[in-house]
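Here the structure comes first, spelled out in structure tokens, and everything after it is commentary.
The values are calculated or read from the model by the stated rules, or taken from the named source; none is laboratory data. This structure is a prediction, so every number in the text was calculated from the model and none was measured. Note: ideal-geometry Cβ built from the backbone for every residue, glycine included; neighbour counts use all protein chains shown.
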Amino acid sequence: MITLALFARLEAKPGKEQAVAEFLQAGLAMANNEATTPIWFALQLGPSTFGIFDAFTDEAGRQAHLNGPIAQALMAKAADLLAIPPSIEPITVLGMKNART
């Protein structure tokens, strides 16, 4: 059961919006390789505001993700792409519906 999640808010530097979008789109391949990350979304919340939402079945999976390749790649590019450091918030999932289309 999915009970834990993370939400990362990313604010692109002026002129870096497309680069952040492309970085997040490329992150899907890395997320697909993470067995302990069953749910992963890359989001655009506004013209320069982006986010990543991912969910996990346990704390070990969440920690593996925080120490994994997506987080490492994000931190390596943060100074170049982001106006401020990413805000990463732990979340408790209270309910979920996952309907496949």
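List of remarks:
- For the condition touching a residue at least 60 places away in the same chain (Cβ under 8 Å), within 23 Å of Met1 (Cα to Cα) and polar (S, T, N, Q), Thr92 qualifies.
- Extreme residue, nearest to Thr92 (Cα to Cα), among residues of region 42-67 that are buried (at least 17 other Cβ atoms within 10 Å of the Cβ) and of a type in the set (Phe, Trp, Tyr): Phe56
- Options Ile39, Ile70: the member that is of a type in the set (A, V, I, L, M), under 30 Å from Ala99 (Cβ atoms), surrounded by 12 or more Cβ atoms within 10 Å (Cβ to Cβ) and in contact with a strand residue (DSSP E or B) (Cβ under 6 Å, 6 or more places away or on another chain): Ile39
- Among residues of region 53-78 that are acidic (Asp, Glu), those with a Cβ under 6 angstrom from a residue that is crowded, with 20+ Cβ neighbours inside 10 Å, sequence gap 6+ or separate chain, pair up as Asp54/Thr37.
- Of all residues making up region 27-36, the number that are touching an Asp or Glu at 6+ places or on another chain (Cβ under 9 Å), buried (at least 16 other Cβ atoms within 10 Å of the Cβ) and not aliphatic (A, V, I, L, M): 1
- Those residues of region 26-42 which are under 13 Å from the mean Cα position of the chain (by Cα) and in contact (Cβ under 8 Å) with a residue 12 or more places away in the chain, in sequence order: Gly27, Leu28, Met30, Ala31, Glu34, Thr37, Pro38, Ile39, Trp40, Phe41, Ala42
- Residue tally, condition surrounded by fewer than 17 Cβ atoms within 10 Å (Cβ to Cβ), small (Gly, Ala, Ser) and either closer than 17 Å to Glu59 by Cα or modelled with pLDDT of 95 or more (or both), over region 1-26: 3
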